[in-house]
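Written below as structure tokens is the structure these notes are about.
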Amino acid sequence: TYEVVLTIRDGGGVVGAESYEITVQDPDVFYAGEKTICVSDTAHGDFTGAPLGALQITTDDLSTITEHAQAGNRILFHRGSSWTTEGLTWPENGGPVTLGAYGEGQSPDALGLFSNAPEISVTGAAGVFLPLDGKQDWRVMDLRIVGAQDAQGAVGGAMEMQRHLFLRLSLSGFDCAM
């Protein structure tokens with residue numbers, strides 16, 4: 001548990017200050033059991049490094065896992081696996097929902113993204129990996145998302161988007177990545 005102070009200043013000095021308490025929880029406790037969904041492609045079918053008790057899904061069709069993106073769940077993609085999609089439709093919800101990676105990381109770059117980060121290729125002119133309309137409190141990290149054939153964007157949206165965190169993402173090949 002941490003106490004943080006937000007201080008607002010203008011040209012004349014301090015305008016105001018507020019204290020907030022933040023509690024950091026262990027993700028393996030918060031997302032225990034089947035609140036964690038681990039996904040591997042069929043070429044690998046590897047769940048080494050997956051949290052104990054996690055639901056394990058082997059698939060090449062990511063549309064089969066979007067239903068698991070419910071408030072209080074995390075979906076972890078196998079490091080070393082890859083998928084191709086024309087775009088995905090995720091449920092609208094208030095989160096928290098986490099999308100990330102599991103397994104041993106290899107050769108991190110200067111920003112901390114591993115060379116074997118899960119790779120998701122988005123095809124088609126209207127393709128978007130994660131449309132954020134109607135979503136709040138989603139955390140997306142440790143993924144490589146690649147656009148092909150003028151794919152629209154890795155993430156996007158215009159309405160009712162709040163409190164999103166993006167961390168250690170590689171986004172390339174899109175007209176507009178975000």
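The values are calculated or read from the model by the stated rules, or taken from the named source; none is laboratory data. Note that the structure is a prediction, hence the values are computed from the model and not measured. Reconstructed Cβ throughout: ideal geometry from the backbone, glycine too, with neighbour counts over all protein chains shown. We work out accessible area using only protein heavy atoms, side chains counted, and drop any ligands, DNA or RNA first. Shrake-Rupley method; radii C 1.70, N 1.55, O 1.52, S 1.80 Å.
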Restricting to the range 63-91, name every residue that is open to solvent by 20 Å² or more (accessible area, probe 1.4 Å), assigned to a loop (DSSP other than H, G, I, E, B) and farther than 26 Å from G53 by Cα.
E86, G87, T89
Going through the range 1-41 in order, the residues found to be acidic (D, E) and touching a His at 6+ places or on another chain (Cβ under 8 Å) are D41
Return the only residue of E160, E119 being farther than 29 Å from Q106 by Cα, out of contact with any Pro (no Cβ under 7 Å at 6 or more places or on another chain) and either open to solvent by 10 Å² or more (accessible area, probe 1.4 Å) or at pLDDT 85 or above (or both).
E160
Across the range 1-42, what is the number of residues that are assigned to a strand (DSSP E or B) and open to solvent by 100 Å² or more (accessible area, probe 1.4 Å)?
6
Per the filter on the range 49-62, residues hydroxyl-bearing (S, T, Y) and either under 14 Å from K35 (Cβ atoms) or outside any strand (DSSP E or B) (or both) are T59
Looking only at residues that are charged (D, E, K, R) and part of a loop (DSSP other than H, G, I, E, B) in the range 92-132, which one is farthest from Q56 (Cα to Cα)?
D109
